[in-house]
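Everything on this sheet refers to the single structure shown next.
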Amino acid sequence: MERYREIIPDWESFWEVLHQPLPPVIRTNTLRIEPWILRRRLEAKGFALVPLSWDETCFVAKGEIPIGNTLEHWLGYYYVQEATQLLPVKALAPGPGEWVLDLCAAPGGKATQIAQYMADQGLLVANDSSPKRIQALLANIYRLGVKCAVVTECPGESFPGAGSFDRVLVDAPCSSEGVARKFPHLRKGARLGTIKRLSGIQKRLLARALELVKPEGIVVYSTCTLAPEENEAVVKHVIERGLAELVPWEPPVPHARGLVRFGTDEYGPELKKTVRIYPYHFDSEGGFLAVLRRPA
Amino acid sequence: MPSSADLPEGVERLLEEFGVEELPGRLVFRHGAVWLTTAPEIPEELRTHAVGVRLCRVQAHGLKPTSFGLMILGERVRTRRVELSREDLRELLLGRPLRRTGLPQGYVALCLGGEVLGCGEVRGEMLRSQIPRARRQELLVALAAEGYGFSPELSKRTGTMGTKGADVETQEDVLKGAILLEERGRTFYEHAALSAQSRGVQEIFSLLAREEERHKAYLAKLLGELLRTGKVAAASRLPVDVSAAVLTEAVRREIEAAGFEAAAIYAGMALEERAVAFYAEKAKNAPPELAQLFTALAKWEQSHLDLLAALDEELRQRVWHEQNFWPLD
């Protein structure tokens, strides 16, 4: 992580928070239950629930038993989803009746969140390339009772069709440096070789997503890593080729703007429209997201 | 009601049997199953695994409703509902049939507190669960964790279960609370041992169940002494803790990552954490003869916690390194 010292505005806070446990956050599955009813049920079981100030369907949930081990979780009334991971779908802002593609959907947290935003009306294609991960995706789609979802298994880079979706989410496979609070061995940062390899995959995924979305449709690109090679460089790649334009998005939480440069790599001022989340911003994981529009 | 002419025969009859009058979506037939979906159309070029939620499967003897299908229909299922107590549900989840008279033959909706949990089947007088094994195990863990969890309210009750006033905790109250704690631990580990697939993990859970039973027996003996004589002797001969030596290489190799074992280990850790906290707190305020015992029990439960934490770490590393896991959500 040392290589990020120059780009992280408050390095001391960043390093300190990496050593603190992550508060458990749950997202109410509003397709099945009202947030206040869920809150009442979990509080009756001894959990302390505090709603997120920027999303009242979500709670920091603390209790003496693991939050994933309740009847309500089993019934699909909520999904345990880290706070930063709630943002890409907020940025995507899908609505009822739309056609939406989640290109790298497993294990299904964001896909089921998209379904909520769509009020379970429309077409949600939840795709993943890994058969093993598809099983987790299916389990969550079924558990949360998402009826508008069609689950497909296809490498994202070669997903069939063209220009048919209103919105596409590319929550790309990444080196996961942003989740070092959960997995302490990631504190040392990812290998550069891994980052480079993933960056190539991410560029192909994003380029394909921009072919799959309708003209003027929205694509959100997100990762849970801090590596600029997997974030700003990927976005720059598609902008330079005229495949997309960046759309400014103001998150409802403290954040930093995307990098203009890193080391000797220049990304340009346009990349300030992207968003970086560092774990100290609101006691969460780290991540990156960009909102892009396909030209008409 | 069924909206597609391509549906297999019997779908309408099945829905009528369950009293379902209106569907929250349309039905499509794919992959040998009937699916409930709200998707308006499905692009033909897509190779699909699922289209919404699978409502029923087509089998040789007819249609079988799925547990997820019944769950999503929820209140729309008006008939063939079988309300269960938590104890009955636990038996079914452990794979043990229940003897019930007066139930309709065939598939039924298993319910708890009015909420549909999944599919059951009645044959003769025997009721069996048809909830998939993995889901059964998850629910067992959830019920065990909830049942043995101390909510603030429950903790209060546990601490003041005697009849000598709500604010004064007697030695008798403390011992009763401790016995209850050990009993909960024993029951949890017994169920976990029954459900675990890995033999090594089964043995660990069985061993922990036996240890909790020995704790309980010892505490019960002290309670009997207290009730007979009005005092307890200093705890001099505590049973030996044997848990530390059981996490062998063979066991590590056998652990089933991401399966029931992972969830049970996690729930067991929460249980032990509470037990350590309980005994440590009671030791602070207990008379010397009990304080010694509670300190020893706190250490003992801590050793269980350490064992489970080691198992948990083993799983975590395996998931990360061997299963190509990307923690995106």
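Residues that are surrounded by fewer than 20 Cβ atoms within 10 Å (Cβ to Cβ), of a type in the set (Gly, Ala, Ser), out of contact with any strand residue (DSSP E or B) (no Cβ under 6 Å at 6 or more places or on another chain) and modelled with pLDDT of 95 or more: does the range A:239-251 have at least one? Scanning the range A:239-251 turns up at least one residue that is surrounded by fewer than 20 Cβ atoms within 10 Å (Cβ to Cβ), of a type in the set (Gly, Ala, Ser), out of contact with any strand residue (DSSP E or B) (no Cβ under 6 Å at 6 or more places or on another chain) and modelled with pLDDT of 95 or more. Taking the criterion of being in contact with a Gly (Cβ under 6 Å, 6 or more places away or on another chain) and not in a helix (DSSP H, G or I), the only residue of the range A:201-223 that qualifies is A:Lys214.
Residues of the range A:97-153 that are among the hydroxyl-bearing types (Ser, Thr, Tyr), at pLDDT 95 or above and out of contact with any helix residue (DSSP H, G or I) (no Cβ under 7 Å at 6 or more places or on another chain): A:Thr152 alone. The test for being part of a strand (DSSP E or B), within 9 Å of chain A (Cβ to nearest Cβ), under 18 Å from B:Tyr107 (Cβ atoms) and not hydroxyl-bearing (Ser, Thr, Tyr) holds for B:Leu36. Of the helices (runs of 4 or more DSSP H) entirely within the range A:80-194, those holding at least 2 residues that are farther than 29 Å from A:Leu38 by Cα occupy A:131-143. Against the conditions (1) more than 9 Å from chain B (Cβ to nearest Cβ); (2) crowded, with 23+ Cβ neighbours inside 10 Å, A:Ile195 satisfies every one except (2). Step by step: first the residues of the range B:44-69, then only those that are among the polar types (S, T, N, Q) and within 14 Å of chain A (Cβ to nearest Cβ), then the one that is farthest from the chain's Cα centre (by Cα). Which residue is that? So the residue we want is B:Thr48. Looking at the range A:260-272, is at least one residue part of a loop (DSSP other than H, G, I, E, B), touching a helix residue (DSSP H, G or I) at 6+ places or on another chain (Cβ under 6 Å) and more than 20 Å from A:Ala93 (Cα to Cα)? Yes: one or more hits. Scanning the range A:236-285 for residues that are β-branched (Val, Ile, Thr) and farther than 29 Å from A:Leu18 by Cα yields A:Val238, A:Ile239, A:Val247. The set of residues in the range B:12-48 that are free of Cβ contacts under 8 Å to residues at least 40 places away in the same chain and of a type in the set (Phe, Trp, Tyr) comprises B:Phe29, B:Trp35.
Among the residues of the range A:49-98, those identified as more than 9 Å from every other protein chain (Cβ to nearest Cβ), within 30 Å of B:Ala275 (Cβ to Cβ) and among the aliphatic types (A, V, I, L, M) are A:Leu49, A:Val50, A:Val60, A:Ala61, A:Ile67.
Of the residues making up the range A:57-83, just one is out of contact with any helix residue (DSSP H, G or I) (no Cβ under 7 Å at 6 or more places or on another chain), β-branched (Val, Ile, Thr) and under 30 Å from A:Phe165 (Cβ atoms), namely A:Val80. Restricting attention to the range A:26-79, the residues that are closer than 19 Å to B:Ala145 by Cβ and among the hydrophobic types (A, V, I, L, M, F, W, C) add up to 14. For the range A:205-218, the count of residues that are under 19 Å from the mean Cα position of the chain (by Cα), of a type outside the set (Ser, Thr, Tyr), closer than 15 Å to A:Asp102 by Cβ and within 9 Å of chain B (Cβ to nearest Cβ) is zero. For the range A:147-184, taking the residues that are of a type in the set (Val, Ile, Thr) and either within 10 Å of chain B (Cβ to nearest Cβ) or surrounded by fewer than 24 Cβ atoms within 10 Å (Cβ to Cβ) (or both), the one that is farthest from A:Val125 (Cα to Cα) is identified as A:Val179.
Note on the range B:58-80: residues that are buried (at least 16 other Cβ atoms within 10 Å of the Cβ) and part of a strand (DSSP E or B) amount to 4. Of the conditions (1) under 24 Å from the mean Cα position of the chain (by Cα); (2) within 9 Å of chain A (Cβ to nearest Cβ); (3) of a type outside the set (A, V, I, L, M, F, W, C); (4) closer than 17 Å to B:Pro132 by Cα, B:Arg96 fails just one. Which one is it? Result: B:Arg96 passes all but (2). Of the residues making up the range A:100-144, those that are among the acidic types (Asp, Glu) and closer than 22 Å to B:Met71 by Cα number 1.
For the range A:44-69, a tally of residues being outside any loop (DSSP other than H, G, I, E, B), in contact with a strand residue (DSSP E or B) (Cβ under 9 Å, 6 or more places away or on another chain) and either of a type outside the set (D, E, K, R) or more than 30 Å from B:Pro24 (Cα to Cα) (or both) returns 11. Condition (residue is in contact with a Gly (Cβ under 6 Å, 6 or more places away or on another chain) and within 21 Å of B:Arg135 (Cβ to Cβ)) applied to the range B:44-51: is it met by at least one residue? There is no residue in the range B:44-51 that is in contact with a Gly (Cβ under 6 Å, 6 or more places away or on another chain) and within 21 Å of B:Arg135 (Cβ to Cβ). Within the range B:119-175, can you find the residues that are at negative phi, more than 14 Å from every other protein chain (Cβ to nearest Cβ), in a loop (DSSP other than H, G, I, E, B) and at pLDDT 85 or above? Of everything in the range B:119-175, those that are at negative phi, more than 14 Å from every other protein chain (Cβ to nearest Cβ), in a loop (DSSP other than H, G, I, E, B) and at pLDDT 85 or above turn out to be B:Glu125, B:Gln130. Being farther than 28 Å from B:Arg135 by Cα, in contact (Cβ under 8 Å) with a residue 24 or more places away in the chain, among the small types (Gly, Ala, Ser) and in contact with a strand residue (DSSP E or B) (Cβ under 7 Å, 6 or more places away or on another chain) is a property that A:Ala149 lacks. Right, A:Leu226: closer than 23 Å to A:His19 by Cα, in contact with a Lys or Arg (Cβ under 8 Å, 6 or more places away or on another chain) and either assigned to a loop (DSSP other than H, G, I, E, B) or not basic (Lys, Arg) (or both) or not? In short, yes.
Within the range A:157-176, the residues that satisfy the criterion of being within 21 Å of A:Glu98 (Cβ to Cβ) and touching a strand residue (DSSP E or B) at 6+ places or on another chain (Cβ under 7 Å) are A:Phe159, A:Gly163, A:Ser164, A:Phe165, A:Asp166, A:Arg167, A:Val168, A:Leu169, A:Val170, A:Asp171.
The values are calculated or read from the model by the stated rules, or taken from the named source; none is laboratory data. Note that the structure is predicted; figures quoted are calculated from it, not measured. Heads up, the Cβs are rebuilt from the backbone with ideal geometry, glycines too, and the neighbour counts pull from every protein chain shown.
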